[in-house]
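Take a look at the structure below.
The values are calculated or read from the model by the stated rules, or taken from the named source; none is laboratory data. Note that the coordinates shown come from a computational prediction; the quantities given were computed from them, not determined experimentally. Heads up, the Cβs are rebuilt from the backbone with ideal geometry, glycines too, and the neighbour counts pull from every protein chain shown. In case anyone asks, the SASA skips ligands and DNA or RNA and just uses the protein heavy atoms, side chains included. Shrake-Rupley method; radii C 1.70, N 1.55, O 1.52, S 1.80 Å.
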Amino acid sequence: KKFFRKINNIIIGKVKTILKNGIIICLQNSNVACFLKNNEKILTEIYRVGAKIKIYLVAIDTKRKKFYLNVSRACNGMLYALLHKEIPEISTGKVIVKKIARIPGIRAKIIVQSTTEYIEPIGSCVGINAIRIKKISEELNNEKIDIVLWDKNPIKFLLNIISPTTVASITFCNEKKT
């Protein structure tokens, strides 16, 4: 029952067994084990028996005889939880994560917005000498993480997304598609 309050949070465990279809993980400070399916793993990661691992508790399935912990390292929630933990401006609500798009273990784009004009959201997320974002990236097997400033103007927002690329021209088509 103590795990119900840990839903949508990171939990820590140790790799117990590596199977063809996933990994069995023994959770820290408990006698509970969970199963990390292959499709919820970061495919570029190499797992070792006995290694400490952070996983994201997505949900708890109570429909079976025993509780089943649904865990992931590949979901956007894992990245959001790491951002929330490592970046105080996000955990206090001064910077809002609008959207996360990622290819786990390869690349992520995080759209951010400040709730106050006194906070620069990209700098807050990256940190001095990129220490904050590096720590998150290392936890996700050196996933490349781009922080993008959200803008209500779609052209400015698009330029923010594709930055530092230089754009010669942008054409928007307003044709209705059926």
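Of Thr92, Thr166, Thr116, the order by accessible heavy-atom surface (1.4 Å probe, DNA, RNA and ligands excluded), from most exposed downward, is Thr166, Thr92, Thr116.
Taking all protein chains together and a probe of 1.4 Å, list Tyr118, Tyr68 from the most accessible to the least accessible.
If we order Tyr118, Tyr68 from most to least accessible, we get Tyr118, Tyr68.
Within the assembled protein chains, the solvent-accessible surface assigned to Lys98 is about 90 Å², based on a 1.4 Å probe. Relative contact order, whole percent, for the chain stands at 15, derived from Cα pairs under 8 Å and 6 or more residues apart. The spread of Cα positions in region 1-55, taken along each principal axis and listed from longest to shortest, comes to 30, 20, 16 Å.
For the chain, the per residue solvent-accessible surface stands at 66 Å², with DNA, RNA and ligands left out and a 1.4 Å probe. Net charge in the neighbourhood of Thr115 (other residues with Cβ under 10 Å of its Cβ; Lys, Arg +1, Asp, Glu -1) is -1. When all protein chains stay in place and ligands, DNA and RNA are ignored, the 1.4 Å accessible-area order of Tyr56, Tyr80, largest first, is Tyr80, Tyr56.
Quick one: work out Rg over Rh on the C-alpha atoms of region 38-170, Rh as Kirkwood radius.
1.03
Panel note: the C-alpha atoms of region 21-95, placed on their principal axes, show extents of 42, 31, 25 Å (largest first). Here the accessible area of the chain is 54 percent carbon and sulfur, with a 1.4 angstrom probe and all protein chains present. Taking Cα atoms only, the orientation of helix 76-86 departs from the longest principal axis of the chain by about 80 degrees. Secondary-structure-derived ellipticity at 222 nm for the chain, considering helices only, amounts to -6000 deg cm²/dmol, per-run term -39500 (n - 2.57) for DSSP H runs with n ≥ 4.
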